[in-house]
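Values quoted throughout were computed directly from the atomic coordinates according to the rules given, and no laboratory measurement underlies them. Since the structure is predicted, the reported quantities are computational estimates derived from the model, not experimental observations. With ideal geometry, Cβ positions are generated from the backbone for all residues, glycine too; neighbour counts draw on all protein chains shown.
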Amino acid sequence: MTANLTPVGEAIAHILGKAPVITATELLPLTESFGRILAQDYQTPADVPPADNSAVDGYALRALDYAPGQALPVSDRIPAGSAPSPLKPGTAARIFTGSEVPAGADTVIMQERVEVTDDGILINADVKADQNIRRRGQDLSEGSLAMGKGTKIRAQEMGLLASIGVAEVAVVKKLRVAILSTGDELVDPGTPLGPGQIYNTNRFTLLGLASDVGCEVVLCETLRDTRDVTRETLERAASQADLIITSGGVSVGEEDHVRAVLEESGELSLWRLAIKPGKPLAFGSIKGTPVLGLPGNPATVLVTFLIVGMPYIRSCQGRLRIHPVGQQIPAAFNVTSPSVRREFVRARIESVDGKTQVNAYPNQSSGVLSSACWADGLAVVPENTLVAEGDLLTYYPFTELLS
């Protein structure tokens, strides 16, 4: 540890060790499966595609029957969805994209390279076997694994499941999350601000994040700054949720009650991380339900949720990949004062003189949420590190952090 700060990697490993994998599942129509997590493996029941088919509109023939300058009679027409008869020797068959290639044909010539005459077709192209044919099983072969348990279903996964005839999908039940904001100064948007009041930013950031990553929000409240209210609400949330996420109340102030309640009435197993922004992050439990206590500053809530909270959520969901991979991109900014904490800089990729670089928002204050709207991701500045323009940094797009 650095001055009693837990390193980021060590902190993530700690909370992953306390992440229970959801075992409850449900069966959904394929049309409702987008964004959900597969609860079982899906094997391929039959070859996809089930037969050789044409990749283009054109003519199917046997390559050896082609002779330059000689017309080839057309003996058949094969629309998509029909079962073709075997190709007559020495002829061609009119065929369309997706149509099954007839037995006896071993190539398809696209119609743009064919001239139709009274005697048949003249081919203005080189002809060889296996042109423009999608072979049986080239996408998925019978008995192979089509999709593994723990896969997040995107549009392409929906299409692939449909291709093997799946109409209903077994998915992991959603992680039930309680979102609790702390602070007497917080009011909801739409309410006129009084002296000393601010709008509750974090509530809506966390609602959006929870929805984006496939969680079900079962409780969403703003806590008053009292020990008793904090304890009562945390215990009530524990009876409804699989995970409680709080914002604020985890630092050392007299009105920071979340950390104190965890110490008094539950468990506080992690507090104060070597991360910037987000040092006073806490993790523990109350009544057996895990509590992720995020700091209260708006940009910090986003960063700590993505870097610390998302691996925990992915693990609970049984996801195949827990940690983001990132990419190495040259920096377009300088860091002249190294920090003992690992810094996650709100940044975006830009093209400068034809070169791809990652640039940082000028104001990295933990209260500046507009920086995250400008940014497309987070650039990582390692602990005790100076950065000069051109140095390679790990960059995590928001899309990958949330995927």
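Below is a table of values for the structure above.
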| item | result |
| --- | --- |
| Alpha-carbon centroid distance for the pair the stretch 1-78 / the stretch 313-382, whole angstrom | 30 Å |
| Net dipole in debye of the chain [+1 Lys, Arg Cβ; -1 Asp, Glu Cβ; about Cα centre; nearest 20] | 620 debye |
| Distance between modelled label sites at Lys149 and Val352, nm, 7 Å Cα→Cβ extension | 4.8 nm |
| The stretch 327-397, relative contact order in percent, only Cα pairs under 8 angstrom and at least six apart counted | 48 percent |
| Fluctuation leader among Lys152, Lys174, Lys18 - the chain, Gaussian network, Cα springs under 10 angstrom | Lys18 |
| Share, in percent, of DSSP beta bridges within the chain that are antiparallel, nearest 5 | 65 percent |
| Fewest-first sequence of Ile37, Ile349 by Cβ atoms within 10 Å of each Cβ | Ile349, Ile37 |
| Projected-area average for the stretch 1-123 over all orientations - Cα convex hull basis, square nanometres | 15.3 nm² |
| Distance from the stretch 269-286 to the stretch 292-311 (C-alpha centre basis), Å | 10 Å |
| Under 24 Å, Cα to Cα: Lys pairs in the chain, sequence gap 8 or more or different chains | 14 |
| Residues Cys215, Cys373, Cys220, Cys316, sorted so that the one with the fewest Cβ neighbours within 10 Å comes first | Cys373, Cys220, Cys316, Cys215 |
| Residue-wise HN-Hα coupling along the stretch 299-314, computed from phi with Karplus coefficients 6.51, -1.76, 1.60 (Hz; x: Gly, Pro) | 5, 5, 4, 4, 5, 5, 4, 5, 7, 9, x, 5, x, 5, 5, 4 |
| Rg and Dmax of the chain, Cα atoms only, in Å | 29.6, 95 |
| Relative intensity, log₁₀ I(q)/I(0), of the stretch 336-403 from a Debye sum that treats every alpha carbon as a point, q = 0.23, 0.24, 0.27 Å⁻¹ | -1.11, -1.19, -1.35 |
| Amide H contacts of Ile95 (H built 1.01 Å from N, under 5 Å, at least 5 apart or other chain) | Gly58, Tyr59, Ala60, Ile78 |
| Dipole axis of the chain (+1 Lys, Arg; -1 Asp, Glu on Cβ), positive-most option in Thr289, Thr31, Gly143 | Thr289 |
| Karplus-derived HN-Hα couplings along the stretch 107-113 (A = 6.51, B = -1.76, C = 1.60, θ = phi - 60°), whole Hz, x at Gly and Pro | 7, 10, 9, 5, 5, 5, 9 |
| Ordering of 295-304, 380-389, 180-189 by burial proxy (mean other Cβ atoms within 10 Å per residue, highest first) | 295-304, 180-189, 380-389 |
| Förster radius 45 Å - calculated FRET efficiency between Gln364 and Gln156 (Cβ-Cβ, nearest 0.05) | 0.80 |
| Distance between modelled label sites at Glu185 and Val229, nm, 7 Å Cα→Cβ extension | 1.6 nm |
| Cα lying deepest toward the dipole's positive end in the chain, options Leu273, Val358, Cys373, charges on Cβ | Leu273 |
| Under Karplus coefficients 6.51, -1.76 and 1.60, residue-wise ³J(HN,Hα) of the stretch 192-200 in Hz, glycine/proline x | x, 7, x, x, x, 9, 9, 6, 7 |
| Per-pair calculated FRET efficiency, R0 = 41 Å: Leu64 and Glu32 via Cβ, rounded to 0.05 | 0.20 |
| Residues Ser366, Ser251, Ser211, sorted so that the one with the fewest Cβ neighbours within 10 Å comes first | Ser211, Ser251, Ser366 |
| Candidates Val335, Val213, Val261: whichever shows maximal mean-square fluctuation once the chain is modelled as a Gaussian network with Cα springs under 10 Å | Val335 |
| Two-site label geometry, Gln327 and Asp126: point separation in nm, points 7 Å out along Cα→Cβ | 3.5 nm |
| Contact order normalised by residue count of the chain, Cα under 8 Å, 6+ apart, percent | 16 percent |
| Ellipsoid equivalent to the stretch 53-134 - semi-axes via the Cα gyration tensor, in Å | 18, 13, 12 |
